[in-house]
1. Could you say whether any residue in region 156-164 is buried (at least 19 other Cβ atoms within 10 Å of the Cβ), in contact (Cβ under 8 Å) with a residue 40 or more places away in the chain and not polar (S, T, N, Q)?
2. In a loop (DSSP other than H, G, I, E, B), out of contact with any helix residue (DSSP H, G or I) (no Cβ under 7 Å at 6 or more places or on another chain) and not aromatic (Phe, Trp, Tyr) - does that describe any residue in region 22-33?
3. Give the residues of region 264-276 that are touching a residue at least 60 places away in the same chain (Cβ under 8 Å) and closer than 14 Å to residue 108 by Cβ, sorted by residue number.
4. Can you report the number of residues in region 1-60 which are of a type in the set (Asp, Glu), at pLDDT 95 or above and over 27 Å from residue 213 (Cα atoms)?
5. Can you tell me how many residues in region 1-17 are polar (S, T, N, Q) and part of a strand (DSSP E or B)?
6. Based on what the data block shows, is residue 43 surrounded by 14 or more Cβ atoms within 10 Å (Cβ to Cβ), more than 23 Å from the chain's Cα centre (by Cα) and outside the structural domain of residue 227 (by TED's automatic domain parsing)?
7. What number of residues in region 113-150 are assigned to a loop (DSSP other than H, G, I, E, B) and under 26 Å from residue 249 (Cα atoms)?
8. Of the numbered conditions (1) in contact with a Ser or Thr (Cβ under 8 Å, 6 or more places away or on another chain); (2) buried (at least 18 other Cβ atoms within 10 Å of the Cβ); (3) under 24 Å from residue 195 (Cα atoms), residue 48 satisfies every one except a single condition; which is it?
Amino acid sequence: MEAWLIISNAQTFGLANSMRLLTNDVKIDHVDVWTLRASLDHFVQTIPTYDRIVIHPQIEHGYYDFSSVEKLSRIPSIQFDAYHPDICFVGARGQLINGPMGAYHSMIALAAFRAGLSAERTRALFRRDIFERSGFFSRWESERKQLLESFAAHGLDISESFRAWSRRESFMYGIDHSKARPIRDIARVFLRQCGIETNQTDIVPADVIMAGCCFPVYPEVAEVLGVEGSYMFKPHQDYRLISLEKFIEQSFALYGKYSPEEILPGPLFTERYDRVRSIVAEENLQ
């Protein structure tokens, strides 16, 4: 029986447990990238003992020299923002900052704070016409295309799986954290690509990612996409929900520790944030 080692990010446990459910023909071990980094000396010794190493493409360089691995496979993670088009990462003083929803911030809230709006006026910006002008309702096709292409680049065709995910509830907790079923489906696609006949089961492993931050799909966005929406936010490692008002209040408390010029969206979000910022500025003049 072959032994495989799965090395990935937050999806590590879901991928490994999915593969264990889907095949009895491979021994699956796993380690997330943070444990790998902390115990690198140990894994330098153990990685060569495995028949196959499965990694997230982003960790191929900088942690360990995988060039000597004979069977090296890559499984990316799901990046998809159509359900959460308001999310951005935020940096200040040269580093990312965490708010009430960890690394997930609201473009609207950030733009409103930097424009000097109150929390109450900011809450009033969360409405359909603002979302439409910000392009929040038109993310689906471009996000679908980049997602399918990111997996196809590694020989994985997830188009059929994507259609199935799209017919259910939102399959994302945020822009880069998916629910458990998509991870299970990706594991199945990968095993079949490796020539392994998978077990007939619809069992989905425990959704460990749900313990982290779960950003809601805003009701107006949800209506367009045909899923359930909410303005209730689940913080990291906390089984309680906070309201949009509380989310804005706590975000502003964090931003208040910096000057408005210091807090900026991450580079990948700049273009879309600038559009939101201009719309917020227009609203501020009224």
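1. Yes, that holds for at least one residue.
2. Step one: of region 22-33, the residues in a loop (DSSP other than H, G, I, E, B) are 23-25.
Narrowing further to those that are out of contact with any helix residue (DSSP H, G or I) (no Cβ under 7 Å at 6 or more places or on another chain): 24-25.
Cutting the leftovers down to not aromatic (Phe, Trp, Tyr) gives us 24-25.
There is at least one residue in region 22-33 that is in a loop (DSSP other than H, G, I, E, B), out of contact with any helix residue (DSSP H, G or I) (no Cβ under 7 Å at 6 or more places or on another chain) and not aromatic (Phe, Trp, Tyr).
3. Kept after step one, since they are touching a residue at least 60 places away in the same chain (Cβ under 8 Å), are these residues of region 264-276: 264-266, 268-269, 272-273, 275-276.
Result: 265, 269, 272, 273, 275, 276.
4. Number satisfying all stated conditions: 3.
5. Quick first cut of region 1-17, residues polar (S, T, N, Q) only: 8-9, 11-12, 17.
The next check asks that each one be part of a strand (DSSP E or B); those that pass are 8.
Adding up the residues that qualify gives 1.
6. On the way: surrounded by 14 or more Cβ atoms within 10 Å (Cβ to Cβ): yes; more than 23 Å from the chain's Cα centre (by Cα): yes; outside the structural domain of residue 227 (by TED's automatic domain parsing): yes.
So residue 43 passes the test.
7. Step one: list which residues in region 113-150 are assigned to a loop (DSSP other than H, G, I, E, B), which gives 115-118, 124-127, 134-135, 139.
From the residues that got through so far, the ones that are under 26 Å from residue 249 (Cα atoms) too are 115-118, 124-127, 134-135.
Counting residues in region 113-150 that are assigned to a loop (DSSP other than H, G, I, E, B) and under 26 Å from residue 249 (Cα atoms) gives 10.
8. That leaves (2) as the condition not met.
The values are calculated or read from the model by the stated rules, or taken from the named source; none is laboratory data. Keep in mind that what you see is a predicted model, and the values were worked out from it rather than measured. So basically every Cβ, Gly included, is an ideal-geometry build from the backbone, and we count neighbours across all protein chains shown.
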